[in-house]
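Okay, structure first, notes after.
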Amino acid sequence: MRYSKYNVIIVGSGISGLFLANKLAKNSNFSDGILLITKENLFSGSSPLAQGGIVTVVPELNPKDSVELHVKDTITAGCGLNNINTVSFVSNESAFALQELMSFGVEFDRNENNTLNFTLEAAHSCPRILHAKGDSTGKVIEETLCERLKQQKNVELYDNTMAVEILVDKNNCARGLIAYNWQNNYYEAIYSNAIIIATGGIGQVYKNTTNPSVSTGDGIALAYRAGADVENMEFVQFHPTALYCKNKSTLPLVSESARGEGAELVDLNGNYFAKTYHHLGSLAPRDVVARAIKSQMEQTETQYVNLDISQIGIEKFRQRFPTITRLCNENDIDISSGLIPVAPAQHYFMGGIKVDLNSKTNIDNLYAIGECSATGLHGANRLASNSLLECVVFANTLADLLLKQLNNPPKKNDEQVKNVVDKYSENNDFYEDNQTLIEDLFSQLKSTMTNFVGIERSYSTLNLAYETIENIEKELKIRKFCISRRKYELENAICVAKLIIIAALKRENSIGAHYRADVKKYELNNKELSNDKILVK
């Protein structure tokens, strides 16, 4: 067993974790430094894949926009289940977030007048989305933050490492964590007075997802097992337009911006069907469009529909969307036909670890930022391009808080923490090493979640899913597998899947991304904003 201590531990290397690390690194009082833990490497998460842009409300540069209008759009998309204080806070902070990113060196796209180019995406009342290099916004921000991080002398990086347990003392205070280096197969007890979970989403709990292989819900499961509250776990967003690639489960994204630029959905019979489901057609909220595509595929007995980009113009599309063009070329899809095959896939998670405006959980010293957190911003359905904004705003606010509070070394850990650390000193090498069976169990889990807890659910399918996943969990516990990254990931995915199902069973109506085919759709009274959130303890 190895031992170390840091002033701050950040678990996750997406935009939220990197932004926080860069902001904290300027504090020379952190004598024990800052540790950034990433399961693979700095570019293995979802952030570099984010084609969509970042919401920025700057009325002086964009007179048609206002904080009030953005708040309204966000709450409408979220079906009123948003925390209005959070939405107002994030919207008000968006201009400052833009300034911070630009001061770090992020260059956003500009128009022919050399002013920031605000674009339109689905469910937004006006153009307010900024992009970088067309459809490479996440990649550009991630690269800029990584380059800046290399210049910081008091930030240490642990790659190929997972956090597997949070050390919580008898006073419900986090004192550090146990890290597992899966590449070299060793544990390390790391002590700190601030542990930040920034591990991203849960996409690999499903069979078809736009999320990378690392997105197995690790941070949510980690925090939940430590005693943290989780919230809105039933709200799983399926992006309507993932690039359809036969025999692939992790699918590239075809950004919503393409529909914002004029692309239209058309089935394989040539029917433009979107407006038969919603008056906004292809630019309706994501949950509506995803269900529309699913319904149309079932009616036409096909595996996908097409996105007609001919109205944009093929050459203009190539210039505006170089990443999507490259992804199509890599998957032998010829966009000169004007048609791109697409199908819904799990994309974003609105639920997660419950936090306040300072990113605090109900466990002292434990914080969560980014997609793994439930801030109240998104409600039942995320408004496009609010996610990158949320990452930056909450990371920035948390940095300010920690810079004021953290000047003391980690406190002495109690007997309860010592007992947990001692547990990991035991030798587990004699256990069975059968990764094939673990992959089989993982495959069963993904298929179960996709078939029964996907775009549409019902009481019967949810109960069947829960029973199936419990059997998978029993099988995992019966067989004494050798410690491995995949074993930990499967345990985390099982935990998250069960939490999603429990919350979905508790919410006995259809709202936003949670669609129960067996109950009446919830109708939002616009005069009264609902704060009906399902907390799972």
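No lab work stands behind these numbers, since they all come straight from the coordinates. Quantities reported herein were computed from a predicted structural model and do not represent experimental measurements. All Cβ positions, glycine included, derive from the backbone under ideal geometry; neighbour counts span all protein chains shown.
For labels at Q152 and M102 in the simple 7 Å Cα→Cβ model, what's the distance in nm?
2.3
Which of the peptides 119-126, 18-25 is most tightly packed, and how do the rest follow, judged by the mean count of other Cβ atoms within 10 Å per residue?
18-25, 119-126
Which shape class applies to region 345-500: rounded if a/c is under 1.5, otherwise prolate when a/b exceeds b/c and oblate if not, where a ≥ b ≥ c are the square roots of the Cα gyration tensor eigenvalues?
oblate
Only bridges with both residues in the chain count here: give the DSSP antiparallel percent, nearest 5. Don't skip to the answer; put the middle values down first.
Details: 37 of 63 bridges.
Around 60 percent antiparallel, to the nearest 5.
List, in order, the whole-Hz ³J(HN,Hα) value for each residue of region 347-360 obtained from phi through the Karplus relation with A = 6.51, B = -1.76, C = 1.60 and θ = phi - 60°; use x for Gly and Pro.
9, 9, 10, 7, x, x, 6, 5, 9, 9, 5, 9, 6, 7
Hey, what did the chain get for relative contact order, percent, Cα under 8 Å, at least 6 apart?
Contact order relative to length: 22 percent.
Could you give the length gained by full extension between Q311 and K170, i.e. 0.36 nm per residue of separation minus their alpha carbon distance, to one decimal place? The partial results should precede the final answer.
On the way: separation 141, 0.36 × 141 = 50.76 nm, distance 6.23 nm.
Separation in residues times 0.36 nm, less the Cα-Cα distance, equals 44.5 nm.
Order the peptides 147-160, 93-106 from the highest to the lowest mean number of other Cβ atoms within 10 Å of their residues.
Result, highest mean first: 93-106, 147-160.
Out of (1) 27.4; (2) 25.4; (3) 23.5, which label holds the value of Kirkwood radius over Cα pairs in Å that was computed here?
Computing Kirkwood radius over Cα pairs in Å and matching it to (1) 27.4; (2) 25.4; (3) 23.5 gives (3).
Along the Cα-to-C-beta direction of Q303, a point sits 7 Å from the Cα; which residues of region 246-280 have their amide N less than 11 Å from that point?
246-249
Of P48, T119, L24, whose Cα points farthest to the positive end of the dipole of the chain (charges on the beta-carbon: +1 Lys, Arg; -1 Asp, Glu; origin at the Cα centre)?
L24
Estimate the FRET efficiency between S125 and N362 by the formula 1/(1 + (r/R0)^6), using the beta-carbon distance for r and 25 Å for R0, to the nearest 0.05.
On the way: r = 36 Å, r/R0 = 1.43.
Result of the calculation: an efficiency of 0.10.
Answer with one residue from C482, Q405, I309: the one whose Cα lies farthest towards the positive end of the charge dipole of the chain, charges on Cβ with Lys, Arg +1 and Asp, Glu -1.
Value: Q405.
Rank the residues I178, I129, I54 as a footprinting-exposure proxy: fewest other Cβ atoms within 10 Å of their Cβ go first.
Final ranking by Cβ density, sparse to dense: I178, I129, I54.
Determine the relative contact order of region 303-390: mean sequence separation of Cα pairs under 8 Å and six or more apart, normalised by residue count, in whole percent.
After rounding, I find 24 percent.
Once you have the Kirkwood Rh of region 239-345 from its Cα pairs, apply Stokes-Einstein at 4 °C and 1.567 mPa s and quote D in µm²/s.
Approximately 95 µm²/s, per Stokes-Einstein.
How large is the dipole of the chain about the Cα centre if only Lys and Arg carry +1 and Asp and Glu carry -1, each at its Cβ, rounded to the nearest 20 debye? It would help to have the intermediate numbers written out before the result.
On the way: 55 positive and 63 negative charges, 126 e Å.
Value, rounded to 20: 600 debye.
If we sort 440-448, 297-305, 383-391 on the protection proxy, mean other Cβ atoms within 10 Å, highest first, what's the order?
Ranking the peptides 440-448, 297-305, 383-391 by packing returns 383-391, 440-448, 297-305.
Would you calculate, for the chain, the mean residue ellipticity at 222 nm contributed by helices, counting each DSSP H stretch of 4 or more residues as -39,500 (n - 2.57) and dividing by all residues, to the nearest 500?
-11000 deg cm²/dmol
Below 8 Å between Cα atoms, with a sequence gap of 6+, how large is the relative contact order for region 239-345 in percent?
With pairs under 8 Å counted, the relative contact order is 37 percent.
Which length gain, in nm to one decimal place, applies between S28 and I502 when the Cα-Cα distance is subtracted from 0.36 nm times their residue separation? Mind showing how you got there, number by number?
Working: separation 474, 0.36 × 474 = 170.64 nm, distance 4.53 nm.
Stretched out fully, the S28 to I502 stretch lengthens by 166.1 nm.
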